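The structure appears below as C-alpha cells.
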Amino acid sequence: VGAMTGSIGVLIFSAFLTSEVSQTTISESRAAFRYVILASTGFLVLVGLLVWFYLKIDEGTAESRDPITYRKVWQVWQYRSVWLMMIIVLCAYVGYKITDVFSLYAQDVMLYDQVQSAQVGTFLLFMRPVIGVAIGLLADRMYVTLCLALSFVVSFIGALLFATGLISETTTILFFFSILVVTTGVYAGRSLYFAVLESGRIPLVLTGTAIGLVSVVGFTPDIFAGPVIGYFLDNAPGEEGHQHVFWMLAIFSLVGCVAATSFHRMFRHQNVKMEVNKYAT
C-alpha cells in the first residue's frame, strides 16, 4: 500500500507540473504538491472507512484489555530482554529514519532532478514489502534473533559504502546497489524487531505493556533523528554532510548488532524450544 501510494504521488506531482522539471518555479511545485496532499488525504479517508466497516474483532477470543498499571510497568522493567529490545528498536528505527535521506542524496550528490529524486524514494517504498516478506520467510527457517543481528550487519556495510565517499554522480550502479544493501538491512530489522518478543521470556499478559515500554524509547528517533540529520546537512552542505549522516547510521547499526547478538546468545535456547513446539503441533 505504501509503495502504491508513493508511486501515485509521484505520478500526480509530475502530471500537474506545467513546465519542465528543471524550469519549475516554487509556486508551480507548491500547486502540484497540493494535489498530492489532496489525493493522499482521500486515500487515507478511504482506508479508514474500510477499517471501520470491515475490521471486526471477535470479543470472545480477544486478548485481555486490562489497563496498564504501574505494577505491570515495574514487572516489565525487570526483564533484561526488554532493555535489549529498547536498544534494538531504537537503532533499527534510526536506520529507518535515515532512509528518508536517499531522495535528498540523489538530488544533492547524484544531481538528479526533483522527479528523479522522488522516484528514488518510490523505489524504496517498493523494496519495503518485498524485503519484509522475504526476510519473514527466511526467519521462519532460522533463528529470528540471528536474522535480526545479521540485518544490522548488512545495514552497517551499506552505511560504510556511503560514509566513505565511494559513491559519486558517476557511479550510478554502485549508488543503487548501496541503496539496496542499506534498505535490505534496515527493512529487515524493522520486520523482525518485535518478532523476537516471544523468545524474550516475557509472559503473555505483560506483552502489551512490554511493547508500550519498548516503544517509548525505541521510537524516540521520531524526535531527535530529523534535527540531527538537519544539523549534519546544514553544517556541511553537499556530499560531506551526507557522509556524516551515514556515519551516524553505521554507529547505530553497530550498537544494534551488539544488542541483537546479546539477545540471541541469551535466548537462543528459547528459540529452539519454540521451534520444537511448533513442529510438534
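The values are calculated or read from the model by the stated rules, or taken from the named source; none is laboratory data. Here the structure is a predicted model, which means the values were calculated and not measured. Cβ placement follows ideal geometry from the backbone for every residue including glycine, while neighbour counts extend to all protein chains displayed. Just so you know, the surface numbers come from the protein's heavy atoms only, side chains and all, with ligands and any DNA or RNA stripped out. Shrake-Rupley method; radii C 1.70, N 1.55, O 1.52, S 1.80 Å.
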Prolate/oblate/rounded label for the range 132-250 (Cα gyration tensor, a/c 1.5): oblate
In sequence order, calculated HN-Hα J values of the range 43-51 (Karplus, 6.51, -1.76, 1.60; Hz; x Gly/Pro): 5, 5, 4, 4, 4, x, 5, 4, 5
Solvent exposure of the range 90-206 as accessible area per residue, Å², 1.4 Å probe: 43
Surface share of carbon and sulfur [accessible, 1.4 angstrom probe, percent] for the range 112-254: 71
Most to least accessible of Val216, Val196 (protein chains only, probe 1.4 Å): Val216, Val196
Largest to smallest accessible area among Ile131, Ile251, Ile37 [probe 1.4 Å]: Ile251, Ile37, Ile131
Inter-label distance for Ala195 and Phe177, nm, one decimal - labels placed 7 Å from Cα along Cα-to-Cβ: 2.7
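Grab the other residues whose beta carbon is less than 15 angstrom from that of Ser155, score K and R as +1, D and E as -1, and report the net.
Neighbourhood net charge equals +2.
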